[in-house]
Every structure is written in C-alpha cells, then in structure tokens.
Amino acid sequence: MVLSILRCYERALAWAPTSTTGFAAGLLGLLGDALAQHVEKKSLGSLTEHFDLERSSAFTIYSCCWGAFGLRPWLNFLNRNFPGSSWQAICQKVVMQQLAWNPTVYLPTFYGFNGLYRGQDVDALIAKVRSEYVSCLLYIWKVWIPMSIGIFAFVPARHQVAANFLGNLLWNTLLSLFYNERRIE
C-alpha cells in the first residue's frame, strides 16, 4: 500500500509538481494542526471541545501555498546555487535556509497570513509577532537545523520537498501548538 502511494506521488510530482507539492503540504498542514488540537484538548482534559475549523483552515491554506510557492522554489534555488551534498554545500544550504529565509520570509508570512486570515487586527498581530518572534525563531532552529542537515546530506534533491513534508508533519504540530499559545513542556 505504501509503495502504491509513493508511486502515485511520483507520477503526480512528474506531471504537476507545483500542484502536487501544494496539495501534499496542505494535507500535512491539516494533519499537523489536527494533531496539535487533539494534544491541546487532551492536555486540558477536554476532549469534548469542538475542532477549530477556522484555525485549521488557516493552517491548511498557508501550508498549501507555502509548499507550492515558497518551499519548492526555495529548495530548487538552494540546490541550483549550492549543488551536491558535500559538507560545504550542506552548510551553505542550512545557513541560507535558517539564517536568511526562515527569519525574513517564512516566519513573517506565517504570522501575517494566520493573523489576518483569522481576523486579528494589525496592531494585535504586530504585538503577537513582537512577543513571540524570537522564541518561535529559536524553536524553528532547534527543530529544523538538525532536520535540514539530514535532508540536505542524505536525501536526493528530487525528494527533498517530500522529506520536508514529513518533517513538516512534526513541525506543523509543534508550530500550531506554539502559535496558538499552548505548548508541550
């Protein structure tokens, strides 16, 4: 069954890479937020609370757009400009992703989209970014620096987006918990 799904994914990726990337990222964003909501409800002892559809739709739409129009082109850029899997190329890709891309593009667009989509006014959004930005960026680095090293070192460029999706399932769960102010200790 897993091999069948992987073959289907490979065909879809070859036929329509942007759509396939966006769909897969959106699906994993949805799963990550659903898991985060389940963990939150369980930790609060309230499994009867309703699923927050607005929160989940914001996360899913952002993940879909990010996967198709952010992550995929970005990884293509990194692999084109820093080809191979030598330690030098790996370090260059990780530094670019973690010190340039995530702080200036990924995190601001995530906060901006989620806040505005969910009806947060601009002043409240700015206050939220000011209070959480550094902590969230440090959180990104704790999770994604080791994952990025592994992906750039061991995963062929053709499959790096898919490998990021798998890492994103964990990351989306953690980010959803972080953004929605309930953290796992």
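Here are the numbers for this structure:
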quantity: Rounded to the nearest 20 debye, dipole of the chain from Cβ charges on Lys, Arg, Asp, Glu; calculated: 560
quantity: Distance between modelled label sites at Asn180 and Gln92, nm, 7 Å Cα→Cβ extension; calculated: 4.1
quantity: Linear extension gain, Ile61 paired with Phe77, 0.36 nm per residue minus alpha-carbon span; calculated: 3.4 nm
quantity: For the range 1-76: rounded, prolate or oblate by the Cα gyration tensor [a/c cutoff 1.5]; calculated: prolate
quantity: Ranking of Asp52, Asp123, Asp33 by count of other Cβ atoms within 10 Å, fewest first; calculated: Asp123, Asp52, Asp33
quantity: Gain upon complete extension [Glu49, Ala12; 0.36 nm per residue less C-alpha separation]; calculated: 9.6 nm
quantity: Using alpha-carbon coordinates, inclination of helix 72-81 to the longest axis of the chain, degrees; calculated: 40
quantity: Shape call, the range 100-185: gyration tensor on alpha carbons, a/c limit 1.5; calculated: prolate
quantity: Per-residue Cβ neighbour rank within 10 angstrom, fewest leading, Phe154, Phe82; calculated: Phe154, Phe82
quantity: Zone residues, the range 114-136, relative to Ile145, backbone N less than 15 Å from point 7 Å out along Cα-to-Cβ; calculated: 135-136
quantity: Answer label for volume of the Cα convex hull per residue in Å³ (calculated), chosen among (1) 165; (2) 137; (3) 129; calculated: (3)
quantity: Residue among Phe178, Ser131, Trp66 farthest towards the positive dipole end of the chain, charges placed on Cβ; calculated: Trp66
quantity: Computed label-point distance, nm, for sites Leu125 and Leu27 using a 7 Å Cα→Cβ extension; calculated: 3.0
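All of the numbers you see were taken from the coordinates with simple rules; none came from a lab. Here the structure is a predicted model, which is why all the values come from computation and not from measurement. Note that each Cβ is placed from the backbone with ideal geometry, even for glycine, and that neighbours are counted across all protein chains shown.
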